[in-house]
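Trainee: Quick one: this structure, given as structure tokens, is what I'll be asking you about.
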Amino acid sequence: MRKNYWLSYFVYAVVLVFYMILSDKILESIVKESQRTFNMLPYMIWSSIAFVILGVLLGLEKFMLERKKEGKWKVNLPKVLFLGIPSLYFSISMFIALCPIDFIRQILSYPISVLLKSDMNFEKAFQVVLGFTISTSFVKEKIEHNH
């Protein structure tokens, strides 16, 4: 039986577009509420989570292909260490900058301040990379049977 990849990718694209529209609408309502209450924390949390979820959705295809394979689940540790952890660090830079403990804030925010000197909005890119890394770091390895 031949699979209909056209339909699969069409549905995948519709889900991505629907998610982006929905998350934007949620963000708009949170911005209005934040302006009314002067509480920016819900905005900061949702804007961070929304882009991580987008990254997870972008990596969903690879995860689904892995799920179909035979074998035992493993975590791609080098990917998590060299992509996931740095992406997490830069993804939460807004929260690091607001840390009430001066020593921690000063130490942890130095690399972030270097990136802030550029005009790039690096946080959102790292949040997407973090989500993508989360969904693509799980792989199945074949179990070798020695008979």
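Trainee: Using a 1.4 Å probe over the heavy atoms of the protein chains, calculate the carbon and sulfur portion of the accessible area of the chain as a whole percent.
Mentor: Numbers: 7690 of 10830 Å².
Here it works out to 71 percent.
Trainee: I've got another one for you. Sort largest first and round to whole Å: the equivalent ellipsoid semi-axes of segment 6-90, each the square root of five times a Cα gyration tensor eigenvalue.
Mentor: Over the Cα atoms of segment 6-90, the ellipsoid semi-axes are 31, 20, 8 Å.
Trainee: With every protein chain kept in the model, how would you rank K142, K69 by accessible area, 1.4 Å probe, largest at the top?
Mentor: These residues rank, largest area first, as K142, K69.
Trainee: Still on this structure, I have one more. Filter K68/K124; K25/K124; K62/K124 down to the pairs with a C-alpha to C-alpha distance above 28 Å, please.
Mentor: K68/K124, as the Cα separations exceed 28 Å there.
Trainee: By average Cβ neighbour count within 10 Å, what is the ranking of 94-107, 53-66, 122-135, 35-48 from highest down?
Mentor: Highest-to-lowest ranking by the protection proxy: 122-135, 53-66, 35-48, 94-107.
Trainee: Just checking my list [x] 52; [y] 29; [z] 35 against percent of Cα pairs over 23 Å apart computed from this structure; which label fits?
Mentor: [x]
Trainee: Summing -39500 (n - 2.57) over the DSSP H runs of n ≥ 4 in the chain and dividing by its residue number, what mean residue ellipticity at 222 nm do you reach, to the nearest 500 deg cm²/dmol?
Mentor: Dividing the helical sum by the residues of the chain leaves -23500 deg cm²/dmol.
Trainee: For the chain, with every protein chain kept in place, what is the accessible area per residue (1.4 Å probe, Å²)? Write down the numbers at each step before the final one.
Mentor: Numbers: 10830 Å² over 147 residues.
About 74 Å² of surface per residue is accessible.
Trainee: Counting pairs of alpha carbon atoms under 8 Å apart in space and at least six apart in sequence, what relative contact order in percent does segment 1-109 give? Could the numbers behind the result be given before it?
Mentor: Details: 26 pairs, mean separation 21.2, N = 109.
Rounded, it is 19 percent for segment 1-109.
The values are calculated or read from the model by the stated rules, or taken from the named source; none is laboratory data. Here the structure is a predicted model, which means the values were calculated and not measured. Cβ: placed from backbone, ideal geometry, glycine included. Neighbour counts: every protein chain shown. For the accessible areas, the whole protein counts, side chains as well, though only heavy atoms, and no ligand, DNA or RNA atoms are used. Shrake-Rupley method; radii C 1.70, N 1.55, O 1.52, S 1.80 Å.
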